[in-house]
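Some notes on the structure that comes next.
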Amino acid sequence: MSKPNDNLHHELALSLIPQIGPAVYRNIIAYTGSAYNFLELPKGKAAKIPRVSQKLLSLRKDKNSFLKKAEEILEICIKKNIQVVTISDPQFPQRLKSIEDMPMVLFSKGLSDMNPKRTLGIVGTRNASEYGRNITRKIIEDVAPYNPTIISGLAYGIDIEAHKTALQYDLPTLAILGSSPDQIYPSIHKNTAISMLEKGGLISEFLPGSEMHPSNFPKRNRIIAGLSDALIVVEAAKKGGALITAEIAYSYNKEVFAVPGNLQSTYSEGCNNLIRTMKASIFTGLKDLEEALSWSKENNGVESKSKIESIQNLDATEKKIYEILVESKELEIDHLAFRMELPLSLLASKLLNMEFQGIIRAMPGKKYKLV
C-alpha cells in the first residue's frame, strides 16, 4: 500500500468514497491537512469534522478497497499517458476553486497549463449555421492578438469550429469532455483532439474506462463555465447544453455574452432570450470583451511600468490583499476579510484605494479580482 507522503494516491482514494462531494472533500482537507491524515484519523476525531456523516465514517472503514481502486486507476493513467490532478496540486485550475461544486479530481491529456492568463469559452448549438460558424471564426481571429486559451466542449457545430479555428491561429485550446479522458466523443473529432494535445489539451472529471452517460454532458458544462473568464454563446436553440453552460456561468458571476441572431431562426432563439432576460450581454465585437475583461493591447500579457510602480507603492496590508488575489484569482469580500483578519470597513477602504489605482476590479456578487 502507499506511503504516507503519497498524497495523490490518497486524494484519489478519498474522491472515490460515495458519501464525499466537493464541499465535504474540501472540508476534510481543510481540517486534517491531507487525505492521508483523514483516512488514518481515529474515528472519534474524524466524527468531529463538520459535514462528516456517520455513513461516511462507516464507508471509511473500507479504506483499503478505495486505496486499491485508486492504485489501479493510477496504473491505467500511467499506461494511457493521462495526468491526474487533485485540488492540492499547484496545477489544479485556480478558477475552479472559487466554485462550490468544483470537481475533486481532474484527468487531463496533453495539458501544459491549467492556469493560463486569459481564457475565453465559446459554445453553441450542434446544428450550427454558416452564419454561426463565420461568427465563431471572426471572434477567434479578433481575439488572437491577446493569446487567450479557447475553451469549449468538442461537440459538433460551434464547439468544434472554435477548437479548429483556435488551432489555425496557434492559440491554446482546451476541450472539456463529457466522456472519460481515454474516450474521444464524438469519435469523428479524434484527429482534432490529437492536434490539440500539442498546445492545449483535454480535460475530464470522469474516471478512465468509465461508461459514458447522457448526464455527463450537463455536468461537464459547469467546468467550461468555471474555467472561462468570459463565455460567448454563438448560436443556441431555446433549450440545450449551450444555454445550460450560460446559466451556470451567469450564476458564477462570469461575463456572459450572446450573439444576436435572426428572430425567425430556431438556433438564435436561445441567444436572443439570454439577451432579453439580461442573463447575457449582447455581443457585437471585440470591444465588448476588451471592456468587460480589461484587455489592453498595450499590456498584452506584460505588466505596464505604471502598474508595476503602483503595486510596489502599496502598503503592507494592500500587498497582502494583492498576493491573496494572485493566488485565488477572484474572492468575495467576506472571504477576503476572513483571510486578512480585517474588519470590513477597513478592508473596503483598502480595496477602494487599489481599485482607484487600477490594480483590482469590483465584480458582481461583492467579488474582487486583479485587473
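Between a residue in the stretch 129-140 that is without any contact (Cβ under 8 Å) to a residue 24 or more places away in the chain and any residue that is small (Gly, Ala, Ser), which pairs come within a Cβ distance under 9 Å, given they are 6 or more apart or on different chains?
Within 9 Å, the pairs are LYS138/GLY285.
Tell me whether the stretch 139-155 contains one or more residues that are of a type in the set (A, V, I, L, M), part of a helix (DSSP H, G or I), closer than 18 Å to ILE244 by Cβ and open to solvent by less than 10 Å² (accessible area, probe 1.4 Å). So that I can check it myself, show each step before the final result.
First, pick out the residues of the stretch 139-155 that are of a type in the set (A, V, I, L, M): 139-140, 143-144, 150-151, 154-155.
The next check asks that each one be part of a helix (DSSP H, G or I); those that pass are 139-140, 143-144.
Filter again for closer than 18 Å to ILE244 by Cβ, leaving none.
Checked the stretch 139-155: no residue is of a type in the set (A, V, I, L, M), part of a helix (DSSP H, G or I), closer than 18 Å to ILE244 by Cβ and open to solvent by less than 10 Å² (accessible area, probe 1.4 Å).
Please return the ranges of strands (runs of 3 or more DSSP E) entirely within the stretch 78-132 where 2 or more residues are of a type in the set (S, T, N, Q).
In the stretch 78-132, the matching strands (runs of 3 or more DSSP E) lie at 83-86.
Please go through (1) in a helix (DSSP H, G or I); (2) closer than 23 Å to LEU207 by Cβ; (3) of a type outside the set (A, V, I, L, M, F, W, C) for PRO18 and return the number of the only condition it doesn't satisfy.
(1)
Of (1) in contact (Cβ under 8 Å) with a residue 60 or more places away in the chain; (2) in contact with a His (Cβ under 8 Å, 6 or more places away or on another chain), SER204 satisfies all except one. Which?
Status for SER204: all satisfied but (2).
Inside the stretch 172-191, can you point out the residues that are under 25 Å from GLU141 (Cα atoms) and buried (at least 17 other Cβ atoms within 10 Å of the Cβ)?
PRO172, THR173, LEU174, ALA175, ILE176, LEU177, HIS189
For MET114, state whether it is open to solvent by less than 10 Å² (accessible area, probe 1.4 Å) and at pLDDT below 95.
no
Given the conditions (1) of a type outside the set (Gly, Ala, Ser); (2) part of a loop (DSSP other than H, G, I, E, B); (3) open to solvent by less than 60 Å² (accessible area, probe 1.4 Å), which single one is not true for ARG220?
Only one criterion is unmet by ARG220, namely (2).
ALA166 - would you say it is farther than 26 Å from GLU72 by Cβ and of a type in the set (A, V, I, L, M, F, W, C)? Outline the logic, then answer.
On the way: farther than 26 Å from GLU72 by Cβ: yes; of a type in the set (A, V, I, L, M, F, W, C): yes.
Here the answer is yes, as ALA166 does meet what is asked.
Pick from the stretch 48-95 the residues that are within 19 Å of LEU207 (Cα to Cα) and of a type in the set (Lys, Arg): which of them is most open to solvent (accessible area, probe 1.4 Å)?
For the stretch 48-95, the residue satisfying everything is LYS79.
Suppose we keep only residues that are in a loop (DSSP other than H, G, I, E, B) and within 14 Å of TYR252 (Cα to Cα) within the stretch 349-371. Which one would you say is modelled with the highest pLDDT?
LYS366
Go through the stretch 228-262 and give me each residue that's in contact with a strand residue (DSSP E or B) (Cβ under 6 Å, 6 or more places away or on another chain), within 25 Å of ASN134 (Cβ to Cβ) and in a helix (DSSP H, G or I).
ALA242, THR245, ALA246, ALA249
Within the stretch 243-260, restricting attention to residues that are within 19 Å of LYS97 (Cα to Cα) and of a type in the set (Val, Ile, Thr), which residue is least open to solvent (accessible area, probe 1.4 Å)?
Filtering the stretch 243-260 for residues that are within 19 Å of LYS97 (Cα to Cα) and of a type in the set (Val, Ile, Thr), the one least open to solvent (accessible area, probe 1.4 Å) comes out as THR245.
Among the residues of the stretch 32-45, are any free of Cβ contacts under 8 Å to residues at least 12 places away in the same chain and within 23 Å of the chain's Cα centre (by Cα)?
Among the residues of the stretch 32-45, not one is free of Cβ contacts under 8 Å to residues at least 12 places away in the same chain and within 23 Å of the chain's Cα centre (by Cα), which makes the answer no.
Can you find, within the stretch 263-281, the residue that is least open to solvent (accessible area, probe 1.4 Å) among those that are part of a loop (DSSP other than H, G, I, E, B) and within 16 Å of GLY124 (Cβ to Cβ)?
As a first pass, look at the stretch 263-281 and keep what is part of a loop (DSSP other than H, G, I, E, B): 263-265, 277-280.
Those left that are additionally within 16 Å of GLY124 (Cβ to Cβ): 265, 279-280.
Values: SER265: 37, LYS279: 64, ALA280: 11 Å².
By that ranking, first place goes to ALA280.
Between a residue in the stretch 163-187 that is outside any loop (DSSP other than H, G, I, E, B) and any residue that is among the charged types (D, E, K, R), which pairs come within a Cβ distance under 7 Å, given they are 6 or more apart or on different chains?
From the stretch 163-187, the pairs are THR165/ARG137; ILE176/ARG220.
Please state which of the following conditions GLU327 fails to meet, knowing it meets all the rest: (1) surrounded by fewer than 17 Cβ atoms within 10 Å (Cβ to Cβ); (2) without any contact (Cβ under 8 Å) to a residue 24 or more places away in the chain; (3) not hydroxyl-bearing (Ser, Thr, Tyr).
(2)
Output the residues belonging to the stretch 120-136 that are among the hydroxyl-bearing types (Ser, Thr, Tyr) and crowded, with 22+ Cβ neighbours inside 10 Å.
Correct list: THR125, THR136.
The values are calculated or read from the model by the stated rules, or taken from the named source; none is laboratory data. Just so we're clear, the structure is a prediction, and the values are computed from it rather than from any experiment. Using ideal geometry, Cβ is built from the backbone for each residue, glycine included, and neighbour counts are taken over all protein chains shown. Please note that ligands, DNA and RNA were not included when accessible areas were found on the heavy atoms of the full protein model with its side chains. Shrake-Rupley method; radii C 1.70, N 1.55, O 1.52, S 1.80 Å.
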